[in-house]
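The structure appears right after this line, and notes come after that.
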Amino acid sequence: MTDVAPRPGSATHEVTNQPVPFEDVNLFDADLPLREALEREQAGWAVDRVRECGAVAGSAEAREHGRRAERNAPRLLTHDRYGHRIDTVELDPSWHWLLRGAVEREIHSLPWRDDRPGAHVARAALMALWSQVNAGVSCPVSMTYSAIPALRVDPALAAEWEPRLTLPDYERGALCGMAMTEKQGGSDVRANTTLAHPSGDGTYEIVGHKWFCSHPMCEIFLVLAQAPAGLSCFVVERGPGFEIQRLKDKLGTRSLASSEVEFRGVAGRLLGEEGRGVATIIEMVTHTRLDCVIGSASGMRAGVSQAAWHARHRSAFGRPLIEQPAMVNVLADLAVESEAATATALRLARMYDEGDRGLRRFATAVLKYWICKRATAHAAEALECLGGNGYVEEGPMAVLLRDAPLNGIWEGSGNVMALDVLRAMGREPEGLQAFLAECEAARGADARLDAHLDALPPSLAALGEDSHGAQWSARRVVEDLALAFQAALLVRVGEPAVADAFCAGRLGEARGRVYGTLPGGVDARQIVERVLNA
Ligand SMILES: Cc1cc2nc3c(=O)[nH]c(=O)nc-3n(C[C@H](O)[C@H](O)[C@H](O)COP(=O)(O)OP(=O)(O)OC[C@H]3O[C@@H](n4cnc5c(N)ncnc54)[C@H](O)[C@@H]3O)c2cc1C
């Protein structure tokens, strides 16, 4: 007979079958798809600095800073104790550690300081690694990087601000934010009500509000406001007349202060032509959209590596999870998506090095739509691989899932991006042609891809002149374009097992609807083995 009576003072159980944390792992060395893409997209010269970034990003110290910055949310201090406005956000020291780390690694500026081919790609790899520590900190890093091409339309303003914005020095440098979204509209910025009154000395007095303004501790902001000739873009310095109303209580990116601000006569300097505000700020928007793709790819990589790590160290029903066929299918499917996203993000970054503006603009819209959309379901499935451990706040998955939808909303929500693709087809058809040519370069290598490519022209033609019908079908067509691009890229230059599984699982009628539905015959073991080179 078993003695079941608890003994006073004795241990109830031993802790077994729990994984060790995925820490003190070099995130770059562990990430074969990223290493391959870095070389392939002409940034092999940056391998040492990207590896250094991967070592720090994967360290237990960095992980703890990431967790602490999330736990200790920013606090708004509107007034000092005497009642003067101070409009300051108190940020945890771990936030500063993280942001300093990004700035010192030039993640906010590398391509503007180093014009070697592949500089945008090298920066994309750094961004993909650092974002895995904390997604919130990526926001000011991305906005500062993206502001430079917009600022360059005005050589005087660029000469004044670019040296500070690109300096890899956290104390002496500066950061740039953006303020477009108002209460009545974020996608439709032409509805902005903020006014810009000419002051007579070449500057403007800005009066109005912004409903979202992230990292309000930036030194400057690109702001949209209505000037006499219409919606215009302004450079606004934080200072008198720039008041922070409150901080958003957000689902995710809690380390990041996102605020509501009031402009009470703050001085603005016109950037670009009056009335051409959208055309001026679009350069910034396009670069931040690239970062939404990189950020989503980074989240997927974080998710699949945690999932594979857990499955490797956890057993159920007498066998490690990583040996059980149903789990292998889930992990392989997550890995295929993550590899496709990483390869695509770095290919897209290379377009920013190469300067085919039509292709870059079109591809960014298509891929921002698709990769950001895929990220949230990916995070949820990766979380489930950790079972109940995935659902608790002490682990890394809850924050990953909360952060995942943001890139899909920011800088163009799903519908807005899908409609932007339609607009780009009409206005710059050469972008679509270059995009299709890149997909066609893979023709002949995989029958499933060929069939998918064959189906594209008729579905594009069916969009026709009917605006209602085109908008109705926009998401489906953009999805097909994105799948064509990713499949073609993998077939041409990816790992053959991954390319095969991508085509088998995502093209044609056989495609599964959730992750873990790859058909039989794919080399899932090899795909999963590639996940963790650690
Ligand atoms: C964490 C966070 C940080 C942010 N930081 C900043 C910042 O620093 N600066 C800044 O300016 N903004 C910022 N934003 C705002 C963000 O860019 C906007 O929320 C976004 O652009 C969407 O605008 P909106 O919220 O007004 O939604 P809306 O424009 O009202 O859109 C609502 C929904 O309608 C859809 N929709 C819109 N138009 C159409 C159409 N024609 N047809 C069909 N569907 C349509 C959209 O896709 C969306 O799903 C931030 C947002 C978040 C969540």
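The rows are residues; the columns are (1) over 22 Å from Ile244 (Cα atoms); (2) surrounded by 16 or more Cβ atoms within 10 Å (Cβ to Cβ).
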| position | (1), (2) |
| --- | --- |
| Ala174 | no, yes |
| Gly177 | no, yes |
| Gly185 | no, no |
| Asp201 | yes, no |
| His209 | no, yes |
| Phe212 | no, yes |
The condition of being more than 20 Å from the chain's Cα centre (by Cα) and in a loop (DSSP other than H, G, I, E, B) holds, among Arg443, Arg423, Arg448, only for Arg443
Condition set under 25 Å from the mean Cα position of the chain (by Cα) and surrounded by fewer than 19 Cβ atoms within 10 Å (Cβ to Cβ), scope segment 146-171, selection nearest to Cys292 (Cα to Cα): answer is Pro149
From the option list Leu436, Leu483, Leu490, Leu453, single residue qualifying as closer than 23 Å to Thr288 by Cα, more than 15 Å from the ligand (Cβ to nearest atom) and modelled with pLDDT of 95 or more is Leu483
Only unsatisfied item for Gly239, checking (1) more than 16 Å from the ligand (Cβ to nearest atom); (2) buried (at least 20 other Cβ atoms within 10 Å of the Cβ); (3) over 20 Å from Gly272 (Cβ atoms), is (2)
Considering only helices (runs of 4 or more DSSP H) wholly within segment 24-91, the ones with at least 1 residues that are over 24 Å from Glu393 (Cα atoms) are 32-40, 47-57
Condition set within 8 Å of the ligand (Cβ to nearest atom) and assigned to a helix (DSSP H, G or I), scope segment 401-416, selection least open to solvent (accessible area, probe 1.4 Å): answer is Gly414
Selection from segment 63-76 of residues in contact with a strand residue (DSSP E or B) (Cβ under 9 Å, 6 or more places away or on another chain) and either open to solvent by 50 Å² or more (accessible area, probe 1.4 Å) or of a type in the set (Gly, Ala, Ser) (or both) yields Ala73, Arg75
Residue within segment 83-90 that is hydroxyl-bearing (Ser, Thr, Tyr), in contact with an Asp or Glu (Cβ under 8 Å, 6 or more places away or on another chain) and within 19 Å of Arg254 (Cα to Cα) present = no
For Arg448, the lone unmet condition from (1) surrounded by 14 or more Cβ atoms within 10 Å (Cβ to Cβ); (2) within 16 Å of the ligand (Cβ to nearest atom) is (2)
Yes or no: Glu260 more than 20 Å from Trp161 (Cβ to Cβ), within 14 Å of the ligand (Cβ to nearest atom) and of a type in the set (Asp, Glu)?
yes
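Table: residues versus (1) hydroxyl-bearing (Ser, Thr, Tyr); (2) at pLDDT 95 or above; (3) closer than 30 Å to Glu23 by Cα.
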residue: Leu129; (1), (2), (3): no, yes, yes
residue: Pro140; (1), (2), (3): no, yes, yes
residue: Ser146; (1), (2), (3): yes, yes, no
residue: Pro155; (1), (2), (3): no, yes, no
residue: Arg172; (1), (2), (3): no, yes, no
residue: Ala179; (1), (2), (3): no, yes, no
residue: Ala225; (1), (2), (3): no, yes, no
residue: Val235; (1), (2), (3): no, yes, no
residue: Leu247; (1), (2), (3): no, yes, no
The residue from Ser232, Ser259, Ser305, Ser255 that alone is assigned to a helix (DSSP H, G or I), surrounded by 20 or more Cβ atoms within 10 Å (Cβ to Cβ) and in contact (Cβ under 8 Å) with a residue 12 or more places away in the chain is Ser305
- Message: Residue under question is Met217, and the condition is that it be over 26 Å from Tyr352 (Cα atoms), within 13 Å of the ligand (Cβ to nearest atom) and open to solvent by 10 Å² or more (accessible area, probe 1.4 Å); does it hold?
- Response: yes
Given (1) over 24 Å from Asp114 (Cα atoms); (2) within 16 Å of the ligand (Cβ to nearest atom); (3) touching a residue at least 40 places away in the same chain (Cβ under 8 Å); (4) open to solvent by 40 Å² or more (accessible area, probe 1.4 Å), Val223 misses just (4)
Of the residues in segment 170-194 that are touching a residue at least 40 places away in the same chain (Cβ under 8 Å) and of a type in the set (Val, Ile, Thr), the one that is farthest from the ligand (Cβ to nearest atom) is Thr194
* Mind checking whether some residue in segment 103-122 is in contact with a Cys (Cβ under 7 Å, 6 or more places away or on another chain) and assigned to a helix (DSSP H, G or I)? -> no
Note: among Trp112, Trp130, just one is of a type in the set (Phe, Trp, Tyr), under 28 Å from Glu36 (Cβ atoms), open to solvent by less than 10 Å² (accessible area, probe 1.4 Å) and more than 16 Å from the ligand (Cβ to nearest atom), namely Trp130
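The values are calculated or read from the model by the stated rules, or taken from the named source; none is laboratory data. It should be emphasised that the depicted structure is a prediction, and the values quoted were computed from it without experimental measurement. In this analysis, Cβ positions are derived from the backbone assuming ideal geometry, glycine residues included, and neighbour counts consider all displayed protein chains. Quick note on the areas: whole protein, heavy atoms, side chains included, nothing else; ligands and nucleic acids left out. Shrake-Rupley method; radii C 1.70, N 1.55, O 1.52, S 1.80 Å.
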